[in-house]
Amino acid sequence: MVAVQTMLKHKAQGFWHTQRVKRLVRERLGGGAQCLVSVRETVCTDPGCEGPATEIRIVTLGFREIRALIHKQASDIRQNDILTIF
């Protein structure tokens, strides 16, 4: 039972951080609900940047796609990280 609770807590924390990053991106772009923001944690497999990374994908109403990769976990991303990309 403790293992299940720990897993659920970890998933909830991950969800909270991805939503927080989405909010930071929307605030930076000023698009609000006028764009689709997707945030996904992944592992960078490029030999020069091994480790955790967060992929941010934005699709505007005109179907223009913007992608960015931040070489941090979502929980470590701050507003300054978003400002340097977008």
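The numbers here are math on the coordinates, done by the rules we state, and not lab data. This structure is a prediction, so every number in the text was calculated from the model and none was measured.
Dividing the summed helix terms, -39500 (n - 2.57) for each DSSP H run of n ≥ 4, by the number of residues in the chain produces a 222 nm estimate of -13500 deg cm²/dmol to the nearest 500.
For segment 77-86, 3J(HN,Hα) computed residue by residue from phi via the Karplus equation (6.51, -1.76, 1.60; θ = phi - 60°) reads 6, 10, 4, 4, 5, 5, 4, 6, 9, 10 Hz, glycine and proline entered as x. Taking θ as phi - 60° and the Karplus parameters 6.51, -1.76 and 1.60, the scalar couplings of segment 16-25 work out to 4, 5, 5, 5, 5, 5, 4, 4, 4, 5 Hz in sequence order, x denoting glycine and proline. Using only the Cα atoms of the chain, build the gyration tensor, take square roots of its eigenvalues as a ≥ b ≥ c, and label the shape rounded, prolate or oblate: rounded if a/c is under 1.5, else prolate if a/b is larger than b/c, else oblate. Cα axes put the chain in the oblate bin.
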